[in-house]
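The structure appears right after this line, and notes come after that.
The values are calculated or read from the model by the stated rules, or taken from the named source; none is laboratory data. Please read all numbers here as calculations on a predicted model, not as lab measurements. When we count neighbours, we look across all protein chains shown, and the Cβ atoms used for this are built from the backbone with ideal geometry, even at glycine.
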Amino acid sequence: MSVLQGGPRSERPHGARRRVVQGLAVLALALAALLVLMSARAEGPATNPSHGPIIVRPPKPAPAKVPARSSYGIVSAPAAERVTVKLKLGLRSGLLFDVKTGQVLWARDPSRVMPMASLTKMMTALVVVAHAEPRARVPVTSDALHYTGSGIGLLPKGKQVPLTALLYGLLLPSGNDAAIALAEYVARTQSRFLALMNQRAHDLGLSCTHFSTVSGIVDQGNYSCAQDLAVIARQLLDQPLLATIVGSRSAILPFPIRGGKLYLYTNNPLLLLRYAGADGVKTGFTDAAGQCLVATARRGSRWLGVVLLHSGDTSTQAQQLLNAGFAKLAKS
């Protein structure tokens with residue numbers, strides 16, 4: 001009896017310990033599994049179970065920088081090359097400058113913001129040659145036929161005319177109809193073309209220039225200053241086709257009209273008067289802008305330009321300034 005009872009009593013403590021050990025092992029495995037799960041969640045995709053994915057937004061781009069304005073048309077020439085001129089009649093803003101360097105020989109309120117009338121067409125021409133081939137043919141739209149102010153006046157409705165002929169019509173007789181036809185050909189609408197004009201002004205760093213019309217017929221919102229117009233003129237003269245056009249007193253061009261030829265004549269007073277060395281560039285007039293002129297002339301290695309805004313007499317004043325400039329340079 002004692003042997004039978006003693007056996008089970010001696011085995012009970014060992015069984016209990018085994019069960020405790022097994023329980024602890026199960027608990028440890030459960031804790032390990034829980035830790036693995038928590039780690040996986042922490043290292044997995046950044047999500048919020050109740051609100052969906054956490055979106056990381058990129059930083060806002062820095063504002064576009066305005067290009068630095070070049071010193072062209074701003075920095076004064078050496079004292080030995082500057083001139084003093086007493087102009088008759090009125091002039092609200094003006095500039096006499098070296099076309100090659102941009103140095104200023106004479107100025108009157110050159111940064112004053114003014115309406116510029118058809119001087120606008122210098123930028124119109126620049127944008128056209130930047131986006132269209134000279135050999136292109138331009139359809140004459142109904143908008144081009146319903147223009148106001150100056151124009152070629154002979155555009156054949158519904159036909160296509162040479163782009164180069166329209167550039168001559170734009171820059172010599174200052175055709176507003178040519179400006180509309182060219183703008184709609186390049187950009188489909190005048191508003192889109194204006195965006196290209198203003199972008200070009202921005203790219204050049206022109207701080208006082210804005211365009212609201214492709215021709216210059218509208219004064220509101222269409223303005224510039226003598227300094228900026230000197231830059232635009234130089235840009236135009238750097239284009240061989242445009243330089244040839246603005247340096248012409250007249251042109252006879254093939255055109256789809258009766259007789260097959262288009263006869264055009266410049267409005268530039270220096271070219272009309274055959275001023276020595278005159279080679280461009282553009283005139284303008286509205287009631288608000290008054291008489292406006294950007295003109296250039298070469299004599300030997302010297303190349304001078306003048307900008308006149310709201311002038312009482314562009315022809316006389318341009319000649320006075322250019323004569324004084326060439327005379328001073330000859331002595332320096």
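Structure above, values below:
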| item | result |
| --- | --- |
| Residue among Asp228, Asp238, Asp219 that alone is over 15 Å from Leu119 (Cβ atoms) and acidic (Asp, Glu) | Asp238 |
| Residues satisfying the stated conditions in the stretch 172-214, i.e. under 24 Å from Thr266 (Cα atoms), under 16 Å from the mean Cα position of the chain (by Cα) and not aliphatic (A, V, I, L, M) | Phe211, Thr213 |
| Selected residue (only one of Arg112, Arg137 is more than 17 Å from Ala178 (Cβ to Cβ), of a type in the set (D, E, K, R), in contact with a helix residue (DSSP H, G or I) (Cβ under 8 Å, 6 or more places away or on another chain) and modelled with pLDDT of 95 or more) | Arg112 |
| Spans of helices (runs of 4 or more DSSP H) in the stretch 107-205 with at least 2 residues under 30 Å from Gln320 (Cα atoms), touching a residue at least 24 places away in the same chain (Cβ under 8 Å) and in the same structural domain as Leu293 (by TED's automatic domain parsing) | 121-131, 163-171 |
| Candidates Ser118, Ser174, filtered to the one that is in contact with a Phe, Trp or Tyr (Cβ under 8 Å, 6 or more places away or on another chain) and of a type in the set (Ser, Thr, Tyr) | Ser118 |
| Close pairs from the stretch 242-253: first in contact (Cβ under 8 Å) with a residue 40 or more places away in the chain, partner in a strand (DSSP E or B) and surrounded by fewer than 19 Cβ atoms within 10 Å (Cβ to Cβ), Cβ under 7 Å, at least 6 apart | Ser250/Tyr265; Leu253/Lys261 |
| Qualifying residue in the stretch 206-216 (condition: in a helix (DSSP H, G or I) and buried (at least 24 other Cβ atoms within 10 Å of the Cβ)) | no |
